[in-house]
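The values are calculated or read from the model by the stated rules, or taken from the named source; none is laboratory data. The model shown is predicted, which means the values in this text are computed figures rather than measured ones. Note: ideal-geometry Cβ built from the backbone for every residue, glycine included; neighbour counts use all protein chains shown. All accessible areas refer to the heavy atoms of the entire protein, side chains included, with ligands and DNA or RNA removed. Shrake-Rupley method; radii C 1.70, N 1.55, O 1.52, S 1.80 Å.
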Amino acid sequence: ALKPPAFAEAAWELLQRTDVPLEDSVAAAAHVVQSYASLYGTTPTLMKPGYITALLGSTQLLSALCTKYFNTFDADSNGVLELDEVTRLAQELYESLEAPPADASLIRESLSEWISSQGGDSLTLPQFAEWFEAVLRASLRAAAELDSSPCVEEPVEICLTAKSLNGQEVCISARRSDEVAQLHGAIAEALGLPPAQTRLVVSATGQILEARPGATLGDVGLASGCELSAVAMPTLVVRRHVYNARGGAPPYRGSFLTATDEVELDANVPFVAQEQLVFPSEGCQLFAIPRSPDGRAPNRWEDGLGVEVGLEASPAEVFGIWGQHEMVVLVPMDGMD
């Protein structure tokens with residue numbers, strides 16, 4: 001069986017590996033056991049907030065730990081701690097509390113309220129106990145303030161190199177949170193390529209960077225130093241939402257979303273020459289809508305959601321940078337209402 005110090009040390013190590021709330025009776029009991037173990041010469045390397053809270057909650061255990069510290073550092077056993085003894089004790093205590101190191105003058109300043117009026121540079125056990133408790137409480141306050149401080153994460157920037165087939169090369173700075181569609185547009189503009197037709201490929205792996213809704217540079221694994229190949233394709237891929245008209249009494253009448261897919265079109269060929277790729281049947285209408293943040297289209301089509309597209313236009317003219325706009329096809333109702 002483990003003796004008290006060994007048991008307490010094992011319990012303390014177990015607590016450090018878990019995230020059990022102090023309020024939990026098992027965790028609280030383990031903290032108390034560790035405090036009790038201090039009487040036998042075992043103290044944790046670091047005093048965590050939960051351990052300090054347990055100490056401050058037990059006058060008897062706190063007093064016992066103070067006495068242990070006092071007797072350990074009272075080198076000449078004269079019943080008081082001189083300044084050099086208090087300095088060594090305080091330096092070890094601050095290290096246990098993960099506080100910045102302090103020199104003798106700062107330590108003496110912190111002791112000024114408790115310094116013995118007779119000795120001038122010494123502390124009695126009761127005075128030391130008051131100072132010790134004050135240091136522990138100050139440590140808890142500092143930990144609470146640190147936990148409540150807002151954590152502002154700096155944007156993580158990455159530097160990428162993009163090359164075109166004609167040998168042009170540009171360096172682009174971006175953030176991991178930027179969308180792949182934004183990168184397409186920036187590189188296409190820098191290289192003078194048509195944005196709607198530009199495709200990016202990771203040179204080292206052959207990975208095609210597709211501008212899926214919401215996909216970021218971090219999502220696709222881009223990091224500083226990546227080299228990309230930029231290619232202007234004769235075709236472009238457009239996300240298409242198909243709405244079918246439905247009859248009946250309100251609210252069932254109207255055009256409702258029935259399918260979402262992608263179509264690949266010749267970028268500079270008018271829609272009228274590619275109707276078989278765009279429309280599932282005759283009599284359809286073509287609209288363009290901005291891509292929604294979540295990539296979803298409305299379940300029911302309403303007037304004003306998009307802009308009607310003339311069939312004499314080309315996909316490159318209408319859809320601009322790949323991934324920023326999407327296609328809507330309204331299919332008329334067959335038969336009688």
In nm, spacing of pseudo-spin labels at residue 307 and residue 207 (7 Å Cα→C-beta vector): 3.4 nm
Chymotrypsin sites (Phe, Trp or Tyr not before Pro), restricted to the stretch 164-265: which are DSSP loop and have at most 10 other Cβ atoms within 10 Å? 252
Short version: ³J(HN,Hα) in whole Hz for each residue of the stretch 67-79, in order, from phi by Karplus 6.51 cos²θ - 1.76 cosθ + 1.60 (θ = phi - 60°), x for Gly and Pro, what are they? 4, 4, 4, 4, 5, 5, 9, 7, 4, 8, 6, 9, x
With a 1.4 Å probe and all protein chains left in place, how much of the accessible area of the stretch 212-303 comes from carbon and sulfur atoms, in whole percent? 51 percent
For residue 176, residues with placed amide H under 5 Å, excluding near neighbours: 156, 158
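The stretch 207-337: percent of C-alpha pairs farther apart than 18 Å?
Tail of P(r) above 18 Å: 58 percent of Cα pairs.
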Sequence-distant or interchain residues sharing an amide H contact under 5 Å with residue 235, placed H: which? 267
What full-extension length gain, to one decimal in nm, is calculated for residue 276 and residue 260 as 0.36 nm per residue of separation minus the Cα-Cα distance? 4.1 nm
With every protein chain present, what is the per residue accessible area of the stretch 213-292 (1.4 Å probe, Å²)? 49 Å²
